[in-house]
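Visitor: Please see the structure below; I have some questions.
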Amino acid sequence: MPEEPPFPIIDVTDWEITNVETSGAEAKFWLEEPDTERHWLFKSVTIKNGHVHGEDWAEKAASHLGRLMGIPCAQVELAVRGEAVGSISANLRPALYQMQPGQVVLESCRAPGYVHHSRGKLHPGHSLENIRDALAGAMAPPSSEVPFNASAFDIFAGYVLFDAWIANQDRHDNNWSVLIPITATAGPMLLSGSYDHASSLAFNEQDIRRETLLNQSDGVAGWCARGKANRFEGRPKLAEAATTALRLASTEAREYWPEQLRRVSDGDARQVLSRVPRMSDVARMFATKLLEANRMGVLNACA
């Protein structure tokens, strides 16, 4: 199979800012693509003590890995805005809908024990059981193509399994949303497509640490085994969160999502990573091994 070219980097310096996103630590701007009506969220990468984190390439890679699994997720492109390096993520909100984050959804339905915490290790009530109940009146995202009559939570269970594969530890209550119709004729409440996968693929590890782990016989596997769903109540291991989500989902979803992951070969994942610029060779190799280890771990847990 011939090598495909690297993913492009889009210069959005001249794109108009339409809104400023206040959540999160990094700079976020809603931009309007010239000559279109499309809106994109620009997010710059984090730089701490001279170390450049890889949120941009993690977002880009995850958006393509998600599509390989059939996960409805935001389109992401690598971008630059002046001196700022980052990524742009396409708006997932359809016309005649408003987007409400999980925090609002859980508060509105008075989820048992739920208390929003934006930071720290305690996230009471942000549990898969509460999310399932909160999504009871919602339908699957408009871009979902599952071959059965999936509920919103059936699709959300796929998000959790996807998180476990890519080592996304940041599925907090503002990193999932529902789409609420503005008018009675707009349609039903929908689960939004998945978004904000920046905290995945060991995005913030330094290359010296990655090299050390790669040179250990069980270094990458050990790193993966410690991965937790940090923003869920009780901070379960990522694979445990995935199996719990599937247990709470329908029989069809319980069978479908592991099979979807099983169909994604290690070669498919390597092909995606090979096209992502801004990754060092060490980061690319570590992410490759991470995906291989997590894929095996998740499928074993779901067996």
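The values are calculated or read from the model by the stated rules, or taken from the named source; none is laboratory data. This structure is a prediction, so every number in the text was calculated from the model and none was measured. Please note: Cβ atoms are built from the backbone with ideal geometry, for glycine as well, and neighbour counts cover all protein chains shown.
Visitor: Considering segment 45-63 alone, what residues qualify as being modelled with pLDDT of 95 or more and among the polar types (S, T, N, Q)?
Guide: Passing the criteria: only Ser63.
Visitor: Hey, among the residues in segment 142-180 that are charged (D, E, K, R) and surrounded by fewer than 23 Cβ atoms within 10 Å (Cβ to Cβ), which one's nearest to Val220 (Cα to Cα)?
Guide: Going residue by residue through segment 142-180, those that are charged (D, E, K, R) are 145, 154, 163, 170-171, 173.
From what is left, the residues that are surrounded by fewer than 23 Cβ atoms within 10 Å (Cβ to Cβ) are 145, 170.
Details: Glu145: 33, Asp170: 20 Å.
Per the stated criteria, the residue is Asp170.
Visitor: Next question. Among the numbered criteria (1) under 12 Å from the mean Cα position of the chain (by Cα); (2) surrounded by fewer than 18 Cβ atoms within 10 Å (Cβ to Cβ), which single criterion is violated by Ser89?
Guide: Result: Ser89 fails condition (2) only.
Visitor: Considering only residues that are more than 18 Å from the chain's Cα centre (by Cα) and under 19 Å from Glu240 (Cβ atoms), which ones fall in segment 263-303?
Guide: Those that are more than 18 Å from the chain's Cα centre (by Cα) and under 19 Å from Glu240 (Cβ atoms): Ala293, Met296, Gly297, Leu299, Asn300, Ala301, Cys302, Ala303.
Visitor: Of the residues Thr183, Thr243, which single one is surrounded by fewer than 24 Cβ atoms within 10 Å (Cβ to Cβ), over 26 Å from Val52 (Cβ atoms) and either out of contact with any Cys (no Cβ under 7 Å at 6 or more places or on another chain) or charged (D, E, K, R) (or both)?
Guide: Of the residues listed, the single one that is surrounded by fewer than 24 Cβ atoms within 10 Å (Cβ to Cβ), over 26 Å from Val52 (Cβ atoms) and either out of contact with any Cys (no Cβ under 7 Å at 6 or more places or on another chain) or charged (D, E, K, R) (or both) is Thr183.
Visitor: Could you please give the count of residues in segment 28-42 that are modelled with pLDDT under 95, assigned to a strand (DSSP E or B) and of a type in the set (D, E, K, R)?
Guide: 1
Visitor: Residues that are touching a helix residue (DSSP H, G or I) at 6+ places or on another chain (Cβ under 7 Å), modelled with pLDDT under 95 and of a type in the set (D, E, K, R): list the helices (runs of 4 or more DSSP H) wholly contained in segment 240-303 that include at least 1 such residues.
Guide: 266-274
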